[in-house]
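Colleague: My questions all concern the structure below.
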Amino acid sequence: MEQTSKDVMEPKVAPEILLKQFLYLSNTIGYNLFFTGKPETHKNFDAWSLPFITDLLKSGNPHVILNIIENTNGLDAIPNRETLFYVLALITLAETTPAFKHHVYRTTLQVIRNDEDFFNYIKFVTRLNKTFSKGINKIIARYYLNKEPKQLLKDFGCKNGYHGWTHKDLIKLSHLKSKDLFTNAILDYVLRGSASGIIRANGDKEALSAIEYLDKCKEYRKCLDDDTAAEMLSELNYDITYPPDAVKKPLKVWETLIEHMDLKDVIRNLVKFYKLYLLKLESSFCTKLIDILTNEEKIKQSKLQPLDVFIALKLFENGGKSRDPHLVKYLTDLKAENDKVNKKQNIITSANILISDPISCPHISNVLNLTLQMSTCNFETTGKRFLINIVLDKTKCTTLNNINCDEAAAIITVPYVIAEKDVIVTKQLPNECVDFDIDFSNFKDAVNALKKANKLETDIRYQKMEFDYAIENQKLVDVFIHISGSPVQNIKSTTESFNKYKEIMKMPSAKLVLLNFYNTRKKSYDESILSIQGFDTNIPKIINAFIKNLF
């Protein structure tokens with residue numbers, strides 16, 4: 001029976017804890033629940049949803065907000081950095097003392113690491129307030145002028161901006177000026193074009209060289225010819241890592257860029273490479289790609305995680321992201337309607353492009369499986385003792401329909417088995433929890449074995465069985481991870497069983513992670529329990545932050 005609001009009294013949570021939960025979990029609901037996907041999808045970036053910010057601002061020490069933000073940024077453990085900039089935008093615009101305002105400006109500039117962070121901050125500031133204050137203009141000016149001139153040049157050349165804002169917009173609105181001739185020349189170029197930049201350079205060779213570089217960047221982005229664009233990349237020092245929009249089949253460009261791209265960007269573009277016929281066996285591009293995907297040093301440098309590779313592999317095999325079932329139904333109905341009235345099929349032809357077809361490219365799939373195994377070297381270890389209980393059912397992940405519960409359970413479990421020293425893996429039977437007799441040291445073997453295993457008609461009333469197993473076998477467990485495709489039906493009973501284990505085994509600091517791939521809102525106000533709903537690449541990062549008591 002599902003618990004009601006009478007079962008559990010909602011506790012009062014300190015505003016500092018609520019702030020940490022928002023930064024790490026992107027939620028404002030006062031308990032440890034993480035929804036995978038983009039926070040904006042769940043409408044968590046609404047000013048009214050963060051009353052704890054107002055409480056902290058009105059407290060005797062509002063600087064605690066900035067201390068938490070600085071510590072969180074330094075640990076590099078949050079899944080969505082946008083939460084940092086939303087909070088900073090809120091307190092930037094709040095009515096506070098001059099001393100606190102200066103602390104906010106200083107912290108904002110420390111937290112911003114790159115243009116993407118900067119434009120995220122601008123996005124939230126302008127969403128909350130349509131005009132720029134003097135303080136915002138100061139932050140914009142300091143962000144640009146604090147950069148090394150050559151880095152500033154590279155950033156201007158590589159990308160115009162993000163989220164509808166451009167560098168030109170911000171430089172113009174903030175009336176940005178510099179005492180440095182080189183910087184002023186490129187600022188003038190961005191605002192008024194090449195001729196003005198040349199005049200401002202005043203014959204300085206370095207400044208004129210910078211103007212020439214920006215001209216080439218602009219020319220590259222507008223280039224129509226694949227061969228010409230590929231030749232230009234070396235002149236641009238491979239700073240731009242994407243093909244020109246106007247080149248319909250950038251075959252040479254991709255072949256030139258592939259060695260200079262970040263490995264995460266490479267695996268994100270695999271479907272594109274396939275559709276451009278670049279992945280033919282023994283082609284020069286394919287040979288380069290395989291060398292990159294199996295380069296141990298590159299994998300370590302990229303900090304590529306097993307879950308990143310796995311999701312890229314599944315998206316590749318399925319021809320891209322799965323489509324919304326409502327969209328598919330709409331397209332199907334539209335086609336049927338047009339067939340009946342014998343209309344032209346132009347609209348259908350373009351619409352059908354949205355439906356992905358599976359990809360058959362075994363040599364790349366095999367290489368990705370090898371990359372997947374090699375990427376476990378980047379999995380962060382904790383030194384804790386784990387018990388991972390897997391409930392097998394036929395559910396598919398609601399956030400990624402290409403992935404079923406067996407595959408998701410394997411990709412979560414295998415890195416822990418390989419990286420951690422003490423991991424027990426169990427499976428759920430109708431009346432008990434038993435050791436899983438599967439080798440979890442290899443992804444492919446684990447997935448195949450899980451697919452063959454008998455499936456339960458899942459009933460989560462059995463969810464307490466792993467605690468009984470641990471008590472009966474006298475297992476000291478720091479972290480329980482319960483993996484299921486179905487939602488928790490009785491969180492109250494699960495919490496009671498977990499607390500019973502902690503008491504009997506004298507493990508007061510033990511933690512429980514309830515990971516299910518079906519989005520639901522089951523509440524647990526126990527601070528030692530974390531619920532994760534859905535499936536994405538952030539799951540290991542959130543679990544590690546929870547284990548370290550960061551929120």
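The values are calculated or read from the model by the stated rules, or taken from the named source; none is laboratory data. Since the structure is predicted, the reported quantities are computational estimates derived from the model, not experimental observations. Cβ coordinates were reconstructed from backbone atoms using ideal geometry, including for glycine residues, and neighbour counts include every protein chain displayed. In case anyone asks, the SASA skips ligands and DNA or RNA and just uses the protein heavy atoms, side chains included. Shrake-Rupley method; radii C 1.70, N 1.55, O 1.52, S 1.80 Å.
Colleague: Which pairs have Cβ atoms under 8 Å, sit 6 or more apart or on different chains, and link a residue in the range 376-392 that is in contact (Cβ under 8 Å) with a residue 24 or more places away in the chain and hydroxyl-bearing (S, T, Y) to one that is part of a loop (DSSP other than H, G, I, E, B) and surrounded by 15 or more Cβ atoms within 10 Å (Cβ to Cβ)?
Modeller: T381/E420; T382/E420
Colleague: Suppose the filter is polar (S, T, N, Q), assigned to a helix (DSSP H, G or I) and surrounded by fewer than 14 Cβ atoms within 10 Å (Cβ to Cβ); does S234 pass it? Quick ask: steps written out before the conclusion?
Modeller: On the way: polar (S, T, N, Q): yes; assigned to a helix (DSSP H, G or I): yes; surrounded by fewer than 14 Cβ atoms within 10 Å (Cβ to Cβ): yes.
In short, yes.
Colleague: Mind listing just one residue for me: the one in the range 171-186 that is at pLDDT 90 or above and touching a Phe, Trp or Tyr at 6+ places or on another chain (Cβ under 8 Å) and, of those, nearest to L208 (Cα to Cα)?
Modeller: Looking at the filtered set, the residue picked out is I186.
Colleague: When both residues are 6+ apart or on different chains and their Cβ atoms are under 8 Å apart, which pairs have a first residue that lies in the range 110-122 and is closer than 16 Å to L152 by Cβ and open to solvent by 10 Å² or more (accessible area, probe 1.4 Å), and a second that is among the hydroxyl-bearing types (S, T, Y) and outside any helix (DSSP H, G or I)?
Modeller: Filtered contacts from the range 110-122: D115/Y162; E116/Y162.
Colleague: Any residue at all in the range 509-522 that is modelled with pLDDT of 90 or more, open to solvent by less than 30 Å² (accessible area, probe 1.4 Å) and assigned to a helix (DSSP H, G or I)?
Modeller: No: zero hits.
Colleague: Counting just the residues of the range 280-300 that are without any contact (Cβ under 8 Å) to a residue 12 or more places away in the chain and either among the polar types (S, T, N, Q) or assigned to a loop (DSSP other than H, G, I, E, B) (or both), which one comes out most open to solvent (accessible area, probe 1.4 Å)?
Modeller: So the residue we want is E282.
Colleague: Further, regarding this structure: Would you check if there is a residue in the range 153-171 being in contact with a Cys (Cβ under 6 Å, 6 or more places away or on another chain) and of a type outside the set (V, I, T)? Talk me through it step by step, then tell me what you get.
Modeller: Here is the first cut: in the range 153-171, the ones in contact with a Cys (Cβ under 6 Å, 6 or more places away or on another chain) are 157.
Subsequent filtering for residues that are of a type outside the set (V, I, T) retains 157.
Yes; the residues of the range 153-171 include at least one that is in contact with a Cys (Cβ under 6 Å, 6 or more places away or on another chain) and of a type outside the set (V, I, T).
Colleague: So, one more: Provide a single number: the residues in the range 390-406 that are open to solvent by 10 Å² or more (accessible area, probe 1.4 Å) and at pLDDT 85 or above.
Modeller: The total comes to 0.
Colleague: Which one is least open to solvent (accessible area, probe 1.4 Å), of the residues in the range 39-67 that are modelled with pLDDT of 75 or more and not in a helix (DSSP H, G or I)?
Modeller: L50
Colleague: Would you point out which residue out of T28, T96, T107 is open to solvent by less than 50 Å² (accessible area, probe 1.4 Å) and in a helix (DSSP H, G or I)?
Modeller: Exactly one residue qualifies, and that residue is T107.
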